[in-house]
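Bear in mind these aren't lab numbers, they're just calculated from the coordinates by the rules spelled out. Everything numeric here is computed off the predicted structure, so don't read it as measured data. Using ideal geometry, Cβ is built from the backbone for each residue, glycine included, and neighbour counts are taken over all protein chains shown.
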Amino acid sequence: MKLLKPIVVTVLTLFILAYFLPSVNFGHWTTLVIAAVVLTLLNKIAFPILKLLFLPINIVTLGLFNLLLNASMLWLATYLVPGFQISNLTVMGYDLNQFFTLLFVSVLLGLLQGLIALIL
């Protein structure tokens, strides 16, 4: 039950992002659920390990390196789940490449997850 709420929050967040952002795509609703499960497991298992490994860099950058770790978790989820993809995005006239798109989507993902977790 402790793992079910983050999965539901991630499913809702990914669905909202896919609805509003044309760069976030999933093939089918099962792909969305699988991507949410993979992303939740990556954030629960791999993220704390990577955060501990990169603690000196994180301290030097005053926590901004966490944004790169979140973007890398999102990239890994798109790599592991076929049918779930994040393509390049145009924000306010600027074409973002894959890295900055992942960074932008990961920031939005974190903000929406916090908001939806607060509501649920």
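Quick notes on this one:
- The phi torsions of region 13-23, fed into the Karplus equation with coefficients 6.51, -1.76 and 1.60 and a -60° offset, translate into couplings of 5, 5, 5, 5, 5, 5, 6, 8, 9, x, 8 Hz, rounded to whole numbers, with Gly and Pro shown as x.
- Computed over the Cα atoms of region 62-120, the ratio of the radius of gyration to the Kirkwood radius (Rg/Rh) comes to 1.01.
- An ellipsoid equivalent to region 4-119, defined through the eigenvalues of its Cα gyration tensor, has semi-axes of 22, 18, 13 Å when rounded to whole angstrom and sorted largest first.
- Neighbour counting of Cβ atoms within 10 Å sorts the residues L76, L112, fewest neighbours leading, into L76, L112.
- Per-residue Karplus couplings for region 45-57, computed as 6.51 cos²θ - 1.76 cosθ + 1.60 with θ equal to phi - 60°, are listed in order as 10, 7, 4, x, 5, 5, 5, 5, 5, 9, 4, x, 5 Hz, Gly and Pro entered as x.
- Between V81 and any residue 5 or more places off or on another chain, the built amide H atoms are never under 5 Å apart.
- Karplus (6.51, -1.76, 1.60) ³J(HN,Hα), θ = phi - 60°, over region 60-65, in Hz, Gly and Pro reported as x: 5, 8, 6, x, 6, 5
- Förster radius 35 Å - calculated FRET efficiency between Q85 and L53, Cβ distance, rounded to 0.05: 0.80
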